[in-house]
Amino acid sequence: MDDSYIKYELKAIKAKEKVCILENELIDIRNKLSLDRRNIELIHELKRINIRMSKAVYELKHFQLFLENPSSIS
């Protein structure tokens, strides 16, 4: 296999791990918010995690796209 393909595979694996970690954090924050809906710190944390999750999912899709078409890897 090509080195660049392997690098994209590793990046995709890391992105998947990041998405899983952020999902767990999101669940935790949502549970805390269900107990205290007016906690502004939790609301800000929820927004921060949502932004990070969006970025991680975008990265994952980007890497998977390259892995589906290895000829596009430069």
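The values are calculated or read from the model by the stated rules, or taken from the named source; none is laboratory data. These figures come from a predicted structure and were not determined experimentally. With ideal geometry, Cβ positions are generated from the backbone for all residues, glycine too; neighbour counts draw on all protein chains shown. Calculation scope for accessible area: heavy atoms of the full protein, side chains included, ligands and nucleic acids excluded. Shrake-Rupley method; radii C 1.70, N 1.55, O 1.52, S 1.80 Å.
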**Report entry** Neighbours by Cβ (under 7 Å, 6+ apart or cross-chain): first from region 10-38, closer than 17 Å to Arg52 by Cα; second of a type in the set (Asp, Glu) and in a helix (DSSP H, G or I)
**Finding:** Ala15/Glu59; Ile29/Glu45
Report task. Could you list all residues from region 22-74 that are under 30 Å from Glu9 (Cα atoms) and touching a Leu at 6+ places or on another chain (Cβ under 7 Å)? Result -> Leu46, Ile49, Arg52, Met53, Ala56
Query - Hey, Ser74 exposed (fewer than 14 other Cβ atoms within 10 Å of the Cβ), modelled with pLDDT under 95 and not in a helix (DSSP H, G or I) or not - result: yes
Query raised in the report: Can you find even one residue in region 48-60 that is surrounded by 12 or more Cβ atoms within 10 Å (Cβ to Cβ), of a type in the set (Phe, Trp, Tyr) and either free of Cβ contacts under 8 Å to residues at least 12 places away in the same chain or under 24 Å from Asp2 (Cβ atoms) (or both)?
Result: no
Query raised in the report: Residues Ile43, Ile27: which one is open to solvent by less than 70 Å² (accessible area, probe 1.4 Å), part of a helix (DSSP H, G or I) and of a type outside the set (Phe, Trp, Tyr)?
Result: Ile43
